[in-house]
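*Asks:* Right, I'll just put the structure down here and ask away after.
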Amino acid sequence: MATTETLSSHSAKRPPSLDFNPITFIEQKKQGVAHTAVAIHDFVQGVMAGTVADYQLSAWLMAVCLKGLTEDETFYLTEAFVQSGEILNLEGIEGTFVDKHSTGGVGDKTTLVVVPLLASMGLKIAKLSGRGLGFTGGTIDKLEAIPGFKVAQSTQAMREQLQQVGAVLSSQTGDLAPADAPFYALRDVTATMDNLSLIAASVVSKKIASGADVIIIDIKVGRGAFMKTLTEAKALASLCRTIGAKFGKRLETIISSMDQPLGTAIGHSVEILEVVETLKGKGSTDLEHLSLALSCVACVSAGLFPTAETAWVALKEKLNNGEAFLQFEAIVRAQGGDVEALDPETNALPQPARMATIMAPTSGYIHQIDSLKVAKAVKLLGGGRAQKTDVLDLSVGVQLQHKVGDFVEEGEVLAKVFTGKHHFNEAIETLKSAFQYATFPLDEQPPLILESSLPLFLHLNN
Ligand code: URA
């Protein structure tokens, strides 16, 4: 357990101290003074109770971005987030509990592959996911493309489904690390999103609250990610592991590239169809490899296999023999979703008004597909939110026909674009500008997996 000063030793859920003064607290951070566990707890409690105003939280967040938090302060903040709510009660349910988190990317549907895949190996997984905001897609929005799928599951329903099906895919409940929500919402609108300590506290607190034994975090780096450089991503990975260890948890990290979109589909219905293909062993190589890598790390950490190599073989078999897909169907059925809609032949997912294509303007090698621009194109079509309250068009999206490194002839189709009522021309122009070509091939394929805290093996890296 944690060796640092913990709130547990001060009483976990006590009310904020009467003499806590948010102005002094902000002033201290402005001067670069390290906060105590008690002061951070008081501040978080104050935010929850409404005695710390939004403008005070905003000022503190900016002071943190400028002066930083120490590892201990980051741990205290994570702990205060965890203690603001409940820990998912998994008592009485047999098995090893795994949880997985991604810091957010474009076309990142690994959760929807990894969760059924791990459940097909006998691991238990209660995955709480969020909605998309900004340029990143959200697992919960993608699931809502499946007719009837109920994303909001009560704790009791989650427990029952874990016992019966082994896995559940739910939206965040207000009970687990609720203090993260007001911090996250203000970070999003005060340019304080990318501080490593704030990200680590946000991510790790939700994983600790989910009660998992084994936690895997996929840290995205590149144009379509919060972390723009590998150095930053490595620092975040290390901080998350340190904070996890202070909670006595085995927390592993993978750093993966978000320079080009993951897989070929970006949108909601289109991503669900790509998940189905991947779960049947017919997905795009990069999506399958990253999903397998994350699952290998989970299986080895959970003690199911001694090495990533042995785990890989067994996991790949679950994709090829259809068991992973059957597990996905079981989850969809248990949550009220229409499994018939997943059949690519009948495809009863939300359908776009029309389909367009974009063509290669020249013959050459694709050197770049800027994931941020692809995400912006999908957002323009109505597939992303500008405001939390925006209603998404789940039918729109992009289906890439080529990836970085491919040679294309002039006039060859680069991508299919599924469109609705919004900003057709602007979206098409944005999408076209995402592609960059050269007359010469790339020296080597850009690596997908840049670092893993648990040794993987070579062919997983590309
Ligand atoms: N994902 C989270 O849950 N929190 C962050 O701060 C960033 C990504």
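*Asks:* Can you name the helices (runs of 4 or more DSSP H) wholly within the range 283-389 that have at least 3 residues being free of Cβ contacts under 8 Å to residues at least 60 places away in the same chain?
*Replies:* Working: elements: 285-301, 308-320, 323-334, 371-378.
Fully inside the range 283-389 and qualifying: 308-320.
*Asks:* Of the conditions (1) within 24 Å of the chain's Cα centre (by Cα); (2) surrounded by fewer than 19 Cβ atoms within 10 Å (Cβ to Cβ), residue 91 satisfies every one except a single condition; which number is it?
*Replies:* So residue 91 meets the others, but not (1).
*Asks:* Of 142, 127, 206, which residue is farther than 23 Å from residue 453 by Cα and within 13 Å of the chain's Cα centre (by Cα)?
*Replies:* After ruling out the rest, the residue left standing is 142.
*Asks:* A further question follows. Tell me, which residue of the range 223-259 that is in a loop (DSSP other than H, G, I, E, B) and buried (at least 24 other Cβ atoms within 10 Å of the Cβ) is nearest to the ligand (Cβ to nearest atom)?
*Replies:* Residue satisfying both the conditions and the ranking: 225.
*Asks:* While we're on this one: Does the range 186-193 contain at least one residue that is out of contact with any helix residue (DSSP H, G or I) (no Cβ under 6 Å at 6 or more places or on another chain), more than 13 Å from the ligand (Cβ to nearest atom) and open to solvent by 10 Å² or more (accessible area, probe 1.4 Å)?
*Replies:* Yes, the range 186-193 has at least one match.
*Asks:* Starting from the range 175-194, take each residue that is farther than 23 Å from residue 83 by Cβ and list its partners that are of a type in the set (Ser, Thr, Tyr) and more than 12 Å from the ligand (Cβ to nearest atom), counting only C-beta distances under 6 angstrom and pairs at least six apart or across chains.
*Replies:* Correct list of pairs: 190/58.
*Asks:* Restricting the search to the range 221-254, which residues are basic (Lys, Arg) and farther than 22 Å from residue 64 by Cβ?
*Replies:* 223, 249, 250
*Asks:* For residue 81, are the conditions met, namely being assigned to a loop (DSSP other than H, G, I, E, B), crowded, with 19+ Cβ neighbours inside 10 Å and within 14 Å of the ligand (Cβ to nearest atom)? Talk me through it step by step, then tell me what you get.
*Replies:* On the way: assigned to a loop (DSSP other than H, G, I, E, B): no; crowded, with 19+ Cβ neighbours inside 10 Å: yes; within 14 Å of the ligand (Cβ to nearest atom): yes.
No; evaluated as a whole, the condition is false for this residue.
*Asks:* At pLDDT 95 or above and within 22 Å of the chain's Cα centre (by Cα), is that true of residue 382? Steps first, answer last, please.
*Replies:* On the way: at pLDDT 95 or above: no; within 22 Å of the chain's Cα centre (by Cα): yes.
The answer is no for residue 382.
*Asks:* Contact list please: Cβ distance under 6 Å, first residue in the range 89-116 and basic (Lys, Arg), second residue more than 16 Å from the ligand (Cβ to nearest atom), pairs at least six apart or on different chains.
*Replies:* 100/114; 109/271; 109/275
*Asks:* If you don't mind, there's one more thing I want to ask. Contact list please: Cβ distance under 6 Å, first residue in the range 413-427 and part of a helix (DSSP H, G or I), second residue of a type outside the set (S, T, N, Q), pairs at least six apart or on different chains.
*Replies:* If the second residue must be of a type outside the set (S, T, N, Q), the pairs left are 426/380; 427/377; 427/380; 427/381.
*Asks:* So which residues in the range 331-350 are within 25 Å of residue 125 (Cα to Cα), aliphatic (A, V, I, L, M) and open to solvent by 30 Å² or more (accessible area, probe 1.4 Å), if there are any at all?
*Replies:* Answer for the range 331-350, where residues must be within 25 Å of residue 125 (Cα to Cα), aliphatic (A, V, I, L, M) and open to solvent by 30 Å² or more (accessible area, probe 1.4 Å): just 334.
*Asks:* Open to solvent by less than 10 Å² (accessible area, probe 1.4 Å), within 13 Å of the ligand (Cβ to nearest atom) and in contact (Cβ under 8 Å) with a residue 60 or more places away in the chain, is that true of residue 198? Don't jump to the end; show me each part of the working.
*Replies:* Working: open to solvent by less than 10 Å² (accessible area, probe 1.4 Å): yes; within 13 Å of the ligand (Cβ to nearest atom): yes; in contact (Cβ under 8 Å) with a residue 60 or more places away in the chain: yes.
Judged against the criteria, residue 198 is a match.
*Asks:* May I pose another question? Which condition number does residue 433 fail, the rest of (1) open to solvent by 70 Å² or more (accessible area, probe 1.4 Å); (2) within 28 Å of the chain's Cα centre (by Cα); (3) over 22 Å from residue 289 (Cα atoms) being met?
*Replies:* Single failed check for residue 433: (1).
The values are calculated or read from the model by the stated rules, or taken from the named source; none is laboratory data. What you are looking at is a predicted structure, and each value in this text was computed from that prediction instead of being measured. For neighbour counting, all protein chains shown are included, and Cβ atoms are generated from backbone atoms with ideal geometry for every residue, glycine included. Calculation scope for accessible area: heavy atoms of the full protein, side chains included, ligands and nucleic acids excluded. Shrake-Rupley method; radii C 1.70, N 1.55, O 1.52, S 1.80 Å.
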